[in-house]
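**Q** Pasting in a structure now, in structure tokens, and then I'll have a few things to ask.
The values are calculated or read from the model by the stated rules, or taken from the named source; none is laboratory data. Predicted model, so just to flag it, every value in this text is computed and none were measured. Quick reminder, even Gly has a Cβ in these numbers, built from the backbone with ideal geometry, and neighbours come from all protein chains shown. Accessible surface is based on the protein model in full, side chains and every heavy atom, while ligands, DNA and RNA are left aside. Shrake-Rupley method; radii C 1.70, N 1.55, O 1.52, S 1.80 Å.
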Amino acid sequence: MSIRPVIPRTNLTELNRQGFAALVAELGEPAYRADQLHGWVFKRGARSIDEMSNLPKRMRAALTERGYSVGRVELGQLRESIDGTRKLAVRLDDGAVVETVLIPMGQGRFSQCVSSQVGCALDCKFCYTGTLGLSRHLTPGEIVDQVLLARQLVPDDVRISHIVYMGMGEPLHNFDGVVESIRMLTDPEGLGFSPRKITVSTSGLVPKIAALGEAVPVNLAISLNASSDAVRDRIMPINKRYPIETLVEAIDAYPIHSRGKMTMEYVLLGGVNDSDDDAHRLARVLARVRHKVRVNLIPWNPFQGPGYDRPADGRVRAFQSILERRRFTVTVRTTKGLDIDAACGQLGERPAS
Ligand code: SF4
């Protein structure tokens, strides 16, 4: 099976502005209908052509006759955590399932974590998705439709304010699909997200980091997770191709677009990468980029298999304070959605038991 998905030409959720303009011209309709059609799909989140009530009947009939449809994913299962996190399993048209998570941020806002691939090829040892292997990339429409679908599930007074590409998959491995999806999400006439509210998280595909910075002005998060190549080689095989020093050079060169800093994700694995020595070494490794990064510590979220331990709170605090004494900005990720396997590194359909 190819990892490149087939992008159906007759699904409106896969079209960009030029695509809508060409379609409307082909139907012999006036150009302004392209904006209306685009608005129905990406602003109002229509799930059928029939509900596009301000389009003339003849146009809706012509779209239906030509096999056009709207919407790329269907809701499979919805689970809600005791902390308000919601995990949506969404089914794609080839039957594959990916997951997307709505994380409450307070004040009526959610951050949505979207998937960019079915499974993942990178095999990070602490991540459940990595155990699944890669089936294929998602199309731009399949990524954006996770957001369109989720918007329908949150009450009207609640807003999805941030998008993070931290779900299933390595976003930069699906570079073209992810960049196109970001262009769709940030279209002011569509969903209208500010690029500053979008974060792409990578395990460190170094050549694509610079390319992302040139393509779209979004925030970057790097999944670092070790302070030495010896440990990173073991827990993240990608490090053998792009070791820590190469990664730090790429971070140094990445443009900071927003007021914020770039995030260095660091999953703490008890007894593996969470010692005082690790914290001191991490401070040395990141010293030259200290002004442009924030370190986000993530105590490991368990799943059955790899045999890691989640470090105790005291260990996490000790690690944090060493970095803070070296004048780093450090946050500790509040674990959300642990009870429904929706926390960081836990995404992916479990086999039926
Ligand atoms: S952490 Fe990210 S890149 Fe690594 S295996 Fe999991 S999904 Fe893939």
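**Q** Give, in whole angstrom and from largest to smallest, the semi-axes √(5λ) of the equivalent ellipsoid of the chain, with λ running over the eigenvalues of the Cα gyration tensor. List each step's numbers first, then the result.
**A** Details: eigenvalues 294, 85, 68 Å².
Its equivalent ellipsoid spans semi-axes of 38, 21, 18 Å.
**Q** I'd like the antiparallel share, as a percent to the nearest 5, of DSSP beta bridges with both residues in the stretch 51-162. Intermediate values should be presented prior to the final figure.
**A** Values: 20 of 23 bridges.
Antiparallel bridges: around 85 percent, rounded to the nearest 5.
**Q** Identify, among 321, 92, 348, the residue whose Cα sits farthest towards the positive end of the charge dipole of the chain, taking +1 on the Cβ of Lys and Arg and -1 on the Cβ of Asp and Glu, with the dipole about the Cα centre.
**A** Toward the positive end, the furthest listed residue is 321.
**Q** Let me ask something else. Residue 331 to residue 350: extension gain in nm, 0.36 nm per residue of separation minus the Cα-Cα distance? Write down the numbers at each step before the final one.
**A** Details: separation 19, 0.36 × 19 = 6.84 nm, distance 3.03 nm.
Extra length from residue 331 to residue 350 when fully extended: 3.8 nm.
**Q** From the helices alone, meaning DSSP H stretches of at least four residues, give me the mean residue ellipticity at 222 nm for the chain, per-run term -39500 (n - 2.57), in deg cm²/dmol to the nearest 500.
**A** Value at 222 nm, helices only: -9000 deg cm²/dmol.
**Q** Probe of 1.4 angstrom, ligands and nucleic acids ignored: what's the accessible area per residue over the stretch 111-203, in square angstrom?
**A** Values: 2810 Å² over 93 residues.
Averaged over the residues of the stretch 111-203, the accessible area is 30 Å².
**Q** Could you list the GluC sites (Glu not before Pro) in the stretch 128-201 that lie in coil according to DSSP, counting only those with at most 12 other Cβ atoms within 10 Å of their Cβ? Working shown, then result.
**A** Working: sites: 142, 180, 189; in loops: 189.
Here the GluC sites (Glu not before Pro) that fit, given the DSSP loop and packing criteria, are 189.
**Q** Students often check this: by mean Cβ neighbours within 10 Å, which of 271-280, 19-28 ranks highest, and how do the rest follow? Show your work: numbers first, answer last.
**A** Details: 271-280: 18.1, 19-28: 15.4.
Packing order, densest peptide first, comes out as 271-280, 19-28.
**Q** Follow-up question, since we're still on this one. Among the lysines, which fall within straight-line cross-link reach of residue 87, defined as a Cα-Cα distance under 28 Å, with same-chain neighbours fewer than 8 residues apart omitted?
**A** Output for residue 87: 43, 125, 197, 261, 336.
**Q** Roughly speaking, to the nearest percent, how much of the chain's 1.4 Å accessible area is carbon and sulfur? Let's see the in-between values first.
**A** Numbers: 7560 of 15350 Å².
Here carbon and sulfur together make up 49 percent of the probe-accessible area.
**Q** In debye, nearest 20, what is the charge dipole magnitude of the stretch 12-65 about its Cα centre with +1 on Lys and Arg Cβ and -1 on Asp and Glu Cβ, if you could check?
**A** Numbers: 8 positive and 7 negative charges, 37 e Å.
Dipole size: approximately 180 debye.
**Q** Let me ask something else about it. Among all cysteines in the chain, which have no other cysteine Cβ under 4.7 Å from their own Cβ?
**A** 113, 120, 344
**Q** Using unit Cβ charges (K, R positive; D, E negative) and no other charged atoms, how large, in debye to the nearest 20, is the dipole of the stretch 1-94 about its Cα centre?
**A** The calculation lands at about 80 debye.
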